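To start, the structure itself, in C-alpha cells.
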Amino acid sequence: MQRTATAVWQGTLKEGKGTISTESGVLSNTAYSFRMRFENEPGTNPEELIAAAHAACFTMALSGQLTGAGITPERLTTTAAVTMEKLDAGFTISKIHLNVIAHCPGASREAFEKAADAAKTNCPVSRLLKADISMSATLEG
C-alpha cells in the first residue's frame, strides 16, 4: 500500500509560501508557510500534520488492540502534542505526547493500559518516528 502527498513551495524560506495536497483530496492546495510554522499565523504546518497522523493512527491501533482483547470501545479521543526544538543538528521533532481518553464500559484498567501501551508501541506512525513518545491514558466507564 502506498499513499501520496504533494508539496509545492515558491520563494525563500521566510517569505515564500507553499501548498500541500493529498491523493484523497482531503487536502487540496492547502497553504503553509514559515509564518504558519514558526510565528503562529493561522494555517497548517508539517508538525500539525504529523500530530494529526499520529493521533489518528494510534487511535485506530488502540481500537484494534481493545477489540482483540474482547473490549468494545464506545469512544476513543486522542490528542497528540508535537514538540519541535532547535538542537545542535537543527530543528528536530523531539517529543510527541499522546493523551487518550477512552470510554470502554466494563474494561479493566489493566487490560486498557496493556492495549494502550501496545498501540503506542506498534502503530505504524509510532514505529516511523524517532521522537520520544509519551502517553497519558484515561479510562472512563
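We did not get these values from a lab; they are worked out from the coordinates using the rules stated. Just so it is clear, the model here is predicted, and its values are computed rather than measured. Every residue, glycine as well, gets a Cβ built from its backbone with ideal geometry; the counts of neighbours run over all protein chains shown.
Listing for the model above:
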{"item": "Potential lengthening between residue 79 and residue 53 on full extension [0.36 nm per residue; Cα-Cα distance subtracted]", "result": "8.3 nm"}
{"item": "Choice from 93, 50, 20 with maximal GNM fluctuation in the chain (Cα, 10 Å cutoff)", "result": "20"}
{"item": "Pair residue 39, residue 108: separation of 7 Å Cα→Cβ label points (nm)", "result": "5.6 nm"}
{"item": "Among 74, 47, 39: highest mean-square fluctuation, GNM of the chain, C-alpha pairs under 10 Å", "result": "39"}
{"item": "Check: the chain dipole with +1 on Lys, Arg Cβ and -1 on Asp, Glu Cβ, in debye", "result": "200 debye"}
{"item": "Sequence-distant aspartates and glutamates (8 or more away, or on other chains) whose Cα lies within less than 18 Å of residue 130", "result": "47, 48, 85, 88, 117"}
{"item": "Listed candidates [x] 11, 34, 31, 17, 6, 1; [y] 12, 45, 38, 5; [z] 11, 38, 27, 15, 7, 2, 0 - label of the one calculated as P(r) over Cα pairs in 10 Å bins from 0, in percent", "result": "[x]"}
{"item": "Rounded to 10°, Cα long-axis angle of helix 46-68 versus longest principal axis of the chain", "result": "20 degrees"}
{"item": "Candidates per trypsin sites (Lys or Arg not before Pro) in the stretch 30-133, loop by DSSP, up to 13 other Cβ within 10 Å", "result": "130"}
{"item": "Backbone HN-Hα couplings from phi across the stretch 93-98 [Karplus 6.51/-1.76/1.60, Hz, Gly and Pro as x]", "result": "6, 9, 8, 9, 10, 9"}
